[in-house]
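Working notes, beginning with the structure itself.
The values are calculated or read from the model by the stated rules, or taken from the named source; none is laboratory data. What you see is a predicted model; the values in this text were computed from it and never measured. Here the Cβ positions follow ideal geometry from the backbone for every residue, glycine too, while neighbour counts run over all protein chains shown. Ligands, DNA and RNA are stripped out before the accessible areas are found, and what is left, the full protein with its side chains, is counted by its heavy atoms. Shrake-Rupley method; radii C 1.70, N 1.55, O 1.52, S 1.80 Å.
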Protein chains: 2
Amino acid sequence: MAQHDYDRAAVRTLIDRVLAEGRTSLTAPEGRLACQAYGIATPGEGIAGSAEEAVALASGFGFPVVLKIVSPQILHKTEAGGVLLGLDSAEAVLAGYHSILANARAYDAEAEIVGVQVQQQLPPGQEVIIGAVTDPTFGKVVAFGLGGVLVEVLKDVTFRLAPATAADAGSMLDSIAAAEVLRGVRGAAAVDRDALAGLIVRLSDLVSDFPEIAEADLNPVLATASGAVAADIRLILDPSPAPARPQHSRADILESMERLMKPRAIAVIGASAEPGKIGNSVMRNLVDGGFAGEIYPVNPKADEILGRKAYPSVLDVPGEVDVAVFAVPARFVPAALEEVGRKGAAAAVLIPSGFAETGDHALQQQVVDIAARYGVRILGPNIYGYYYTASDLSATFCTPYDVKGGVALSSQSGGIGMAILGFSRTTRTGVSAIVGLGNKADLDEDDLLTFFAQDDNTTAIAMHLEDLKDGRAFVEAARATVPHKPVVVLKAGRTAQGTIAAGSHTGALAGDDRVYDDILRQAGVIRAPGLLEMLEYARSLPVLPTPKGDNVVIITGAGGSGVLLSDACVDAGLTLMQIPPDLDAAFRAFIPPFGAAGNPIDITGGEPPSTYEATIRLGLEDPRIHALVLGYWHTIVTPPMVFAELTARVVREFRDRGINKPVVASLAGDTEVEEASAYLFDHGIVAYPYTTEKPVAALGAKYRWARAAGLLPAGPH
Amino acid sequence: MAQHDYDRAAVRTLIDRVLAEGRTSLTAPEGRLACQAYGIATPGEGIAGSAEEAVALASGFGFPVVLKIVSPQILHKTEAGGVLLGLDSAEAVLAGYHSILANARAYDAEAEIVGVQVQQQLPPGQEVIIGAVTDPTFGKVVAFGLGGVLVEVLKDVTFRLAPATAADAGSMLDSIAAAEVLRGVRGAAAVDRDALAGLIVRLSDLVSDFPEIAEADLNPVLATASGAVAADIRLILDPSPAPARPQHSRADILESMERLMKPRAIAVIGASAEPGKIGNSVMRNLVDGGFAGEIYPVNPKADEILGRKAYPSVLDVPGEVDVAVFAVPARFVPAALEEVGRKGAAAAVLIPSGFAETGDHALQQQVVDIAARYGVRILGPNIYGYYYTASDLSATFCTPYDVKGGVALSSQSGGIGMAILGFSRTTRTGVSAIVGLGNKADLDEDDLLTFFAQDDNTTAIAMHLEDLKDGRAFVEAARATVPHKPVVVLKAGRTAQGTIAAGSHTGALAGDDRVYDDILRQAGVIRAPGLLEMLEYARSLPVLPTPKGDNVVIITGAGGSGVLLSDACVDAGLTLMQIPPDLDAAFRAFIPPFGAAGNPIDITGGEPPSTYEATIRLGLEDPRIHALVLGYWHTIVTPPMVFAELTARVVREFRDRGINKPVVASLAGDTEVEEASAYLFDHGIVAYPYTTEKPVAALGAKYRWARAAGLLPAGPH
């Protein structure tokens, strides 16, 4: 879309005038002018001050025409009887003009009547709505949906960040449930997709260029096979839009985060020798966790804590301090933070609560201001601390964690952080970091993403969040991360329905979670439906190699599992490969005549290990197959650990040969399948007992990431 | 709906005539006659054989009118140019008549033209579609949806068994996604719900009374504020409809099932002393499982097996035999079954495979015929056997199971059966029965339901199934069971889309799973989305008492869990109680000033056991609260087992006082929360570590059952 055809000056003048007049909404003619300045097609129209002028205008466009009252006080014209359609002769226009004026006066005798808008009536087309709102998290977002019942009752609408690219806009046409309508159904022609997408881009540019435009509705837009015209336009202004949040530079973020995650020296403010105190737990975990750098206890009442010399103030510490972990009550934080700032620390980890979350916003702001003055970044307050396993760093009051691996996790809530810790420990999940974000007074998800994206110890990221301080910064950081590693998000509070604004249709549709959902997808993150799913994806994603194509094949010993695994594949948006005849014949060579080839490949229940092995080998060997889903059935002939060992061995052998396909397994059987599943997980195969859904959901998450990262052609899901 | 106003004789005559003429579809006038005979309103209309007759008819109804070609060969009239709308004068009708004939001849020169239908054009109304199809599983089902894009693109349609009651029909109006449209949106009036529901009932009666009507479309039906009129009617006949399946009487089923589940004597056909053989495993499991009745090994080559005297044939067994468990190859089954029949056994448990599942339908039919001749019921073939813990009965080749409890489980697949066994064992799920159904040559889910419904050892039922041999018998058995105990169903193959028929709109919409889903809900069963959910519901439902009202309250130590638990409650269709001011004040008395009352009640993270205890007590004590969802956060102040023990103690105390509310808990913390969750489960509180979704989903399943059982007012879900 060529932005150079925009007449920004005309819109600037228009908006300034409307605001100068103390108005917050544009009249229809003003809205039309704004649209025209941005190349948004509108019907032929004009304002008539008399019935005769109306007839003259109508004769100019050609009949039929629509008449609409123009009054700054009458926003809902239809309710006011201020709209007449299908006037197909001079006589009809004449009579209509008079009746519309009478209706408007009856509706609001005080209303100032600017005139009557005479509008060319458009040919029949598909009604769609294109709008824009100012979201509290994401700023300007653009919306698209079909008109009428579909948006109003079924809320079938989709959102993207503004400005939207042509690709974003095109994806919106496919993202609504009723997308098929645009392709032409019930004998209707397909709409002009380029024209519709162009209109979305232009509206999104308009609201982005003019932050004062709080809400916009093009409703309806009439889309036909040869174009898209905005038949009605509503623009609502906010005279004082929120300013953009200041951003740290990427280099600054990385410098601070490097010192936070790989510190040479840590001071513990409020370190204590007394068991049960947070300042004692933090010290103990730093020591027990094996942190190899300097640990400086700071406590004016102690000489030594856990064998380390204690200092009355951080300023007394002899060397440099990268990180100060605070384990003192909230009220003592400001003074200690001043000293930490003067010491030149990169980050203050504020474990204590008693700030914004208990209502003390002033104390939190005081702390933020002090930190900003010294260039100290704050983690927290109100957190359990953080872990970075590559540094053997357990700066937390919980317990050390030492299963090193690729997943970095964060949580906004302490409870969820504890669940992350417990789950990781019991499942032996390989972790690079666990970070508490708490009140997010400063450091937040986008800072973590910026670090983890380039951190060689991290191969996947999972984040629990309840809100985003700056949705745009998050999206930007996520987009920079996703091409390199998957980002899983558990967005809590998703069922809370917050209406942003009531001034426009689009505003009424922009419920909190709908916008989050669309824009998180636009950012390429994998949204987990619940806590356990987030944890399972976090555990699985680093284990699974990236698939190189869409063809998934199910090999199962239990026909019943095969059916459920197929269901799960469809749910997860996976493509069950259509097995070509030669491959079908190759599989059939290994399975009993009453087994089923095709997909799932049912090797039947009574088969020995050699049948599992032969079919898995074939699945890994054939380059047309890109991922395997295994369904194991516990029998005496092939016990669980025999299956697990043979599968791990064969997968390893192929990986050693450079053939690295994702393999997941569902194990149905008696309790020995638990040990077998754990063994498989440890050997690079995502395996679960008693469920057909979990292994397939993990594979589905990997595919969603691979698509978002551009490593696979975009699928239908 | 008064059925006595139906003119069955007229429809009988009509259908017989159409079939006698070798046709399988009714003309429009015939369809109208059939509808009129069942009190389904149709527009004023008649057939004109000339343009003059058309004008006369139109003048009779009043203008405008619609003209439609009538020809048995032209089913898709619009495509043939055979429909003209809005003819509002005698001249227009005259001209229209001639053009419609010309179009029809151009479309199909061979088509026999019966005449032109002149139809009163109806006032604008909401277009809906009401239809009926013959489903292979459930027989006649009736369908309802909104017209146009909503059914065709969004497939927003709902199904019920025919005949439908007035209550069924009314529920259909609320079951579509766009239900709000019927209540009036965008300035439209609400439709006449009674008229619409009446029309659904009447069509469902019509197709039920005449099995030859394979498919029916009333499309569109025009619904207005004052009625509902079927504007177009299509009826498709099947000259040879499938006969109803023969049914066993309830008394016969119970007599056989009692002897199967509580046998005094079991014979093992093919018992073996050789470890590794199925006939040895079955013997061992019967003995090791502690079965107290007689166990008779049958094996012509042995004198004694596992210390029990062996017999050459079941006919040589001295006493009566209730059950014969077969552990011989399939080909030996018929002869042995003859003997079992002659011996007078109630049931033959056919473990062997090699029947229909491997393609040998003839052998399976032979076995079925033998069993029917002797009145022996067959379980299987192709199964792992069955368990009934109250009889200490483990008639299976797996391993014994001895955690007695209330849940009866069945599976169609052996693999899923093994998963049931392993899951139950590892979670110590209290089980009354685990039954393999396999090929379901005879005994199937409805027989099991009939038994378990009245079995005092069973308090909940969970079934994995891939198909139903007789959907109507299942629904009948489920409806008889659900008022007494919950029935959970995992229907596998739900994503398989099978189109039943292409002859009607309704047929094209009746994808396999859509019909299953609606009718399982109509039957009152709880459908589990996946295997693990079925198992978790089975484990949880017998543990939870039945709620006495809708008010759910969340009490949480972690604010973050509270948000996720709220999300989960909304997902599960639960009602978060609006806390009245006095109760709010009562909770506030126990929690810190910065905690949040309301719902969730956030007691905050650092609280001692007494705060958990006080708030849980209040939640149990106040009669306005009906269920509790607890969110625990692992801290040093309140360790996991302390929380678990106090919660179990308080809940027990209230239960002893007769206050028996469902309580579920989500435990966020380090690995000790696993032991605490298990302890809580053992003490009647459904508790899970690391997940906010699972405990709430279990509570949601209990509520769904309570509503289906009529124990709660029907909610919005």
Query raised in the report: Reachable lysines from A:LYS155, Cα under 28 Å, same-chain residues fewer than 8 places away excluded?
Result: A:LYS68, A:LYS77, A:LYS140, A:LYS469, A:LYS491, B:LYS155
Report task. With everything on Cα atoms, drop me the angle between helix A:278-288 and the longest principal axis of chain A, reported from 0 to 90° to the nearest 10. Result -> 60 degrees
Query raised in the report: So what are the ³J(HN,Hα) numbers for the range A:57-74, from phi and the Karplus equation (6.51, -1.76, 1.60; θ = phi - 60°), rounded to whole Hz, Gly and Pro as x?
Result: 4, 4, 5, x, 6, x, 7, x, 10, 10, 10, 9, 5, 10, 8, x, 8, 9
**Report entry** Estimated FRET transfer efficiency (B:ARG8, B:ARG250; beta-carbon r; R0 30 Å; 0.05)
**Finding:** 0.50
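Which value, in debye to the nearest 20, describes the size of the charge dipole of the protein assembly as shown about its Cα centre when Lys and Arg Cβ atoms bear +1, Asp and Glu Cβ atoms bear -1, and nothing else is charged? The partial results should precede the final answer.
Values: 116 positive and 168 negative charges, 423 e Å.
Computed about the Cα centre, the dipole is about 2040 debye.
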Requested in this report: May I ask you to report, in nm to one decimal and beginning with the shortest, the distances from B:ARG264 to the same position in the other copies, taking label points 7 Å along Cα-to-Cβ?
Outcome: 9.0
Requested in this report: Considering only DSSP beta bridges where both residues belong to the protein assembly as shown, give the percentage that are antiparallel (nearest 5).
Outcome: 50 percent
Report summary line: The rounded separation in angstrom of the Cα centers of the range A:67-105 and the range A:199-251 is 28 Å
Query raised in the report: Taking the label point 7 Å from Cα in the Cβ direction, how far apart in nm is B:PRO64 from each other copy of itself, listed shortest first?
Result: 1.0
Query raised in the report: Helix B:193-209: angle to the longest alpha-carbon principal axis of chain B, degrees 0 to 90, nearest 10?
Result: 80 degrees
Requested in this report: Give me the accessible area of A:LYS404, 1.4 Å probe, in Å² rounded to the nearest 10.
Outcome: 110 Å²
Query - For A:LYS343, net neighbour charge (Lys/Arg +1, Asp/Glu -1) across residues whose Cβ lies under 12 Å away - result: -4
Report task. Quick one: angle between helix B:640-656 and the longest Cα principal axis of chain B, in degrees between 0 and 90, rounded to 10, please. Result -> 70 degrees
Query raised in the report: All other residues with a Cβ under 12 Å from the Cβ of B:VAL321 taken together, and with Lys, Arg as +1 and Asp, Glu as -1, what is their net charge?
Result: -1
Query - Nearest-first distances (nm) between copies at A:LYS469, label 7 Å from Cα via Cβ - result: 6.6
Query raised in the report: What value does the protein assembly as shown have for Rg/Rh, both radii from Cα atoms and Rh as Kirkwood defines it?
Result: 1.00
**Report entry** Estimated inter-spin distance, A:SER99 and A:SER50, nm [label 7 Å along Cα→Cβ]
**Finding:** 2.3 nm
Report summary line: Dividing the surface of the Cα convex hull of the range A:249-382 by four yields a projected area in nm² of 7.9 nm²
**Report entry** Hydrodynamic radius by Kirkwood, which averages 1/r over all alpha carbon pairs of chain A, in angstrom
**Finding:** 29.2 Å
Report task. Take the alpha-carbon positions of the range A:543-611, form their convex hull, and give its projected area averaged over all directions (one quarter of the hull surface) in nm². Result -> 5.5 nm²
Query raised in the report: Around B:GLN119, what is the net charge, scoring Lys/Arg as +1 and Asp/Glu as -1 over all other residues with Cβ under 11 Å from its Cβ?
Result: 0
Report task. Please work out how much accessible surface A:SER208 shows to a 1.4 Å probe, ignoring ligands, DNA and RNA, in Å² rounded to 10. Result -> 40 Å²
Report task. Go through B:ARG250, A:ARG617 and list them by solvent-accessible area, largest first, probe radius 1.4 Å. Result -> B:ARG250, A:ARG617
Query raised in the report: Which log10 I(q)/I(0) values, to two decimals, does the range A:551-708 give at q = 0.08, 0.16, 0.19 Å⁻¹ under the Debye formula with one point per Cα?
Result: -0.18, -0.80, -1.19
Query - Phi-based couplings in Hz for the range B:596-601 (Karplus 6.51, -1.76, 1.60; Gly and Pro marked x) - result: 10, 7, x, 8, x, 8
Query raised in the report: Along the charge dipole of chain A, Cβ charges K/R +1 and D/E -1, which of A:ALA111, A:LEU203, A:TYR690 sits furthest on the positive end?
Result: A:TYR690
Query raised in the report: Summing -39500 (n - 2.57) over the DSSP H runs of n ≥ 4 in the protein assembly as shown and dividing by its residue number, what mean residue ellipticity at 222 nm do you reach, to the nearest 500 deg cm²/dmol?
Result: -11500 deg cm²/dmol
Query raised in the report: Given 0.36 nm per residue, what is the gain on full extension from B:ALA480 to B:ASP584 after removing their alpha carbon distance, in nm?
Result: 33.3 nm
Report task. Would you compute, for the Cα atoms of the range A:57-146, the largest minus smallest coordinate along each principal axis and list the three values in descending order, in whole Å? Result -> 51, 35, 19
Query raised in the report: Can you give the three extents of the C-alpha atoms in the range B:401-542 along their principal axes, from longest to shortest, in whole Å?
Result: 53, 28, 28
Query raised in the report: With a Cα-only, solvent-free Debye model of the range B:3-120, what are the log10 I(q)/I(0) values at q = 0.14, 0.16, 0.19 Å⁻¹?
Result: -0.62, -0.78, -1.01
Query raised in the report: Accessible area drop of at least 40 Å² (1.4 Å probe, protein heavy atoms): which residues of the range A:185-230 qualify, relative to the chain alone?
Result: A:ARG186
Report task. Take the range B:126-237, compute every pairwise Cα distance, and split them into 5 Å bins from 0; I just need the percent in each bin. Result -> 2, 13, 25, 27, 20, 8, 3, 1, 0
Report summary line: Carbon/sulfur accessible area of chain B, % of total, 1.4 Å probe, equals 53 percent
**Report entry** Straight-distance crosslink candidates among aspartates and glutamates, where the alpha carbon sits under 14 Å from A:LYS548 and sequence neighbours closer than 8 are dropped
**Finding:** A:GLU621, A:ASP622
Query - Within straight-line cross-link reach of B:LYS343, aspartates and glutamates at Cα separation under 20 Å, skipping those fewer than 8 residues along the same chain - result: B:ASP252, B:GLU255, B:GLU258, B:GLU294, B:ASP316, B:GLU320, B:ASP322, B:ASP369, B:ASP442
